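The values are calculated or read from the model by the stated rules, or taken from the named source; none is laboratory data. Keep in mind that this is a model prediction, so the values were computed, not measured. Here the Cβ positions follow ideal geometry from the backbone for every residue, glycine too, while neighbour counts run over all protein chains shown. Surface areas here come from the heavy atoms of the whole protein model, side chains and all, with no ligands, DNA or RNA. Shrake-Rupley method; radii C 1.70, N 1.55, O 1.52, S 1.80 Å.
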Amino acid sequence: MEVIIVSGFLLLFVIFVLYNIISGIRIMTKWYFGDYINKYLLIAKIDPLYKAPLRKYSKFYQQLNPSDKTIFEKRVQKFINQKQFIARGMEKITDEMKALIAGAAIQLTFGHPSIYFAHFRRILVYPDNYYSEISKRYHTGEVNMGGIIVLSWKNFVEGNIDYEDGKNLGLHEMAHALRLENAITNEEYGFLDDDLLMTWTDLCYREIEKMNEGKSDFFRFYATTNSQEFFAVAVENFFERSQEFKDWHPKMYNTLSKMLNQDPLKSSRLV
Ligand SMILES: [Zn+2]
């Protein structure tokens with residue numbers, strides 16, 4: 001009897017030790033190789049149904065070099081696999097919608113290969129502006145803390161068609177998601193560099209002040225709403241008016257470029 005009890009304890013002890021060793025290895029592997037695994041071991045190739053819209057409509061994708069294109073495609077596929085797309089006020093979500101929405105997310109995180117907006121599992125798409133019961137207003141898009149990204153397709157497409165006016169709904173909402181993702185406690189927490197964020201915040205408030213005093217108008221006035229809207233508008237301009245942005249305010253442009261770990265003005269995107 002005693003032998004059985006001792007053996008039982010021994011077995012439990014061995015299981016306990018093994019479990020901890022395996023957990024430890026898993027955590028360390030994620031720490032040291034997380035970025036590497038996510039960047040290079042993207043096994044699934046993109047479904048051709050998603051690749052076609054990227055080739056046709058994604059300016060960002062069109063400008064990538066061939067090896068970056070392959071990484072972008074696989075990351076888009078991985079993003080699509082992880083999310084639930086939900087149609088609201090229309091029949092269904094098309095492959096084109098999925099590809100281009102995922103494309104906007106991967107464009108923003110292209111310099112952060114392990115970031116997939118883990119907190120945001122659901123993407124709601126409306127055909128046009130939609131009425132929000134919470135704000136009692138019509139919206140073009142929003143990102144909420146419950147883990148939902150909402151977009152109006154009409155506005156998303158318009159933002160993509162004119163890729164030079166510094167207005168792009170997809171990039172705007174993904175920029176909100178990026179900042180929230182950075183602040184939410186999960187496996188993707190804190191990927192943005194703290195020192196850069198401090199520099200950015202300082203630049204942001206200085207510029208908002210100038211805009212409010214009527215001394216600066218490079219960004220549209222909506223950017224003065226608060227620091228989050230300022231960031232989202234800056235991201236739109238970073239991609240759509242890169243050279244003008246850099247000429248206008250090199251320090252702000254370079255800070256954002258380092259935060260996102262990419263530079264649209266360089267042929268190899270990653271800095
Ligand atoms: Zn916004």
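Please return the ranges of helices (runs of 4 or more DSSP H) entirely within the range 45-127 where 2 or more residues are within 21 Å of G146 (Cβ to Cβ).
Working: elements: 48-57, 59-62, 66-82, 95-108.
Fully inside the range 45-127 and qualifying: 66-82, 95-108.
From the list K78, K92, K83, K74, pick out the single residue that is open to solvent by 60 Å² or more (accessible area, probe 1.4 Å) and of a type in the set (D, E, K, R). Step by step, each of K78, K92, K83, K74 is checked, and only K92 is open to solvent by 60 Å² or more (accessible area, probe 1.4 Å) and of a type in the set (D, E, K, R). The selection criterion, being within 11 Å of the ligand (Cβ to nearest atom), assigned to a helix (DSSP H, G or I), under 14 Å from the mean Cα position of the chain (by Cα) and touching a residue at least 40 places away in the same chain (Cβ under 8 Å), holds for E173.
Restricted to the range 214-227, and to residues there that are more than 17 Å from G159 (Cα to Cα) and within 16 Å of the ligand (Cβ to nearest atom), the residue that is most open to solvent (accessible area, probe 1.4 Å) is F221. Being under 17 Å from the mean Cα position of the chain (by Cα) and surrounded by fewer than 18 Cβ atoms within 10 Å (Cβ to Cβ) is the requirement here; does A118 meet it? So A118 passes the test. The set of residues from the range 190-204 being open to solvent by less than 70 Å² (accessible area, probe 1.4 Å) and away from the ligand (no atom under 16 Å from the Cβ) comprises G190, F191, L192, L196, L197, T199, W200, T201, L203.
Summed over the range 228-257, residues that are more than 15 Å from the ligand (Cβ to nearest atom) and in contact with a Gly (Cβ under 8 Å, 6 or more places away or on another chain) total 2.
Candidates E187, E158, E133, E207: the one that is more than 12 Å from the ligand (Cβ to nearest atom), open to solvent by less than 20 Å² (accessible area, probe 1.4 Å) and not hydrophobic (A, V, I, L, M, F, W, C) is E207. Within this structure, V125 fails the test of being of a type outside the set (D, E, K, R), within 24 Å of Y61 (Cβ to Cβ) and surrounded by fewer than 16 Cβ atoms within 10 Å (Cβ to Cβ). For first residues located in the range 205-229 and under 24 Å from G170 (Cα atoms) and of a type in the set (D, E, K, R), partners that are open to solvent by 30 Å² or more (accessible area, probe 1.4 Å) and away from the ligand (no atom under 16 Å from the Cβ) and lie 6+ apart or on another chain with Cβ distances below 8 Å form the pairs E207/H249.
For E142, the conditions (1) away from the ligand (no atom under 16 Å from the Cβ); (2) closer than 18 Å to A232 by Cα; (3) not in a loop (DSSP other than H, G, I, E, B) are fulfilled apart from (1).
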